[in-house]
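The block underneath contains the structure these notes are about, expressed in structure tokens.
The values are calculated or read from the model by the stated rules, or taken from the named source; none is laboratory data. None of the values given here were measured: they were computed from a predicted structure. Backbone-built Cβ (ideal geometry, glycine too); neighbour counts: all protein chains shown.
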Amino acid sequence: MFAPYLFPIGYWITSILFTLLAAPLLILPSRKPLMKWLRLYARTMVGVMRHLGGIDLTFKGHENLPDGPFILAPKHQSWGDGFASFSQIPDLGFVTNNRILNYPLVGPILRKIDAIVIDSCGGDAARDSVTGNGLDTARTEGRHLLIYPEGRLVPVGETERFRKGVYHMYEAYGCPVVPAATDLGVRWPQHDTFTVPGPATLEFLEPIPPGLDKETFMTRLQDAIEGRSRALLEEQRAAGTLPDGVELPPLPQPA
């Protein structure tokens, strides 16, 4: 059932209820109950996206997820990207900017789950946050981590130079990076209130092994994410499911 005007209501009711009910978990000594609660929240939100937002979200490439710790580096087009990733990977730590701390209860929740909070102004402070104590804790416990290489939401069809924070984390953590491609932005564009019904995909791609130099790593990561994300959009265009008004720039011409 696609109910466009019910989707934002469902989104806010779900978010507020899960946040309020997470409060008692803050007093427990372990972070694991809260992490399980947040994953349930993400899975519930994927259901809200599907049943109220009309988004038929498909997940691919689970075979590319390593058994041990890894860094997940997805394309970032939609506010729904985080819910999609969290719903698929247990105990997924993440990097976020300090502006999100302004929301009620969010700060205590982030501290409890050992999220890596960076300075939104960037620079050396942001780099130190990415490679500091939060990363040491994650490494000790063998967690998976989520970071968006673009550093912000980017409109569908556009590309932006990836920020170096993903490399600094990759270098310091010493584990594989799993690129992830998506076209979810055509269904839930950036921060939009309403969704556009139809199919969307989150696809986990072949891991990038540790130990590469910065230039090689950044090129390989961006090529993988942008190339496959663009291919997903082209597949939608070929299938006639690309929403009206979505314009894709022309593909680069071969040399």
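Just a few scattered comments:
- Single residue of THR58, THR19 found to be among the β-branched types (Val, Ile, Thr) and either loosely packed, with under 13 Cβ neighbours inside 10 Å or free of Cβ contacts under 8 Å to residues at least 60 places away in the same chain (or both): THR58
- When the criteria are applied in full, THR44 meets the requirement of being at pLDDT 95 or above and crowded, with 16+ Cβ neighbours inside 10 Å.
- Single residue of the stretch 1-54 satisfying the filter (of a type in the set (A, V, I, L, M, F, W, C) and under 17 Å from the mean Cα position of the chain (by Cα)) that is nearest to THR241 (Cα to Cα): MET49
- If you go through the stretch 157-213 and pick out every residue that is assigned to a loop (DSSP other than H, G, I, E, B), β-branched (Val, Ile, Thr) and touching a Phe, Trp or Tyr at 6+ places or on another chain (Cβ under 6 Å), you end up with 1.
- Note on the stretch 127-151: residues that are outside any strand (DSSP E or B), modelled with pLDDT of 70 or more and under 12 Å from PHE94 (Cβ atoms) total 4.
- Check on LEU21, at pLDDT 95 or above and either under 22 Å from GLY142 (Cα atoms) or aliphatic (A, V, I, L, M) (or both): no
Condition check ((1) within 15 Å of the chain's Cα centre (by Cα); (2) loosely packed, with under 12 Cβ neighbours inside 10 Å; (3) touching a residue at least 24 places away in the same chain (Cβ under 8 Å)) across all residues:
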position: TYR170; (1), (2), (3): no, no, yes
position: CYS175; (1), (2), (3): no, no, yes
position: PRO179; (1), (2), (3): yes, no, yes
position: LEU184; (1), (2), (3): yes, no, yes
position: HIS191; (1), (2), (3): yes, yes, yes
position: VAL196; (1), (2), (3): no, no, yes
position: MET218; (1), (2), (3): no, no, yes
position: ILE225; (1), (2), (3): yes, no, yes
position: LEU248; (1), (2), (3): no, no, yes
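For every residue, the table says whether it meets (1) under 20 Å from TRP79 (Cα atoms); (2) of a type outside the set (Gly, Ala, Ser); (3) at pLDDT 95 or above.
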residue	(1), (2), (3)
VAL177	no, yes, yes
THR182	yes, yes, yes
PRO189	yes, yes, no
THR216	no, yes, yes
ALA224	no, no, yes
GLY227	no, no, no
GLU235	no, yes, no
THR241	no, yes, no
ALA255	no, no, no
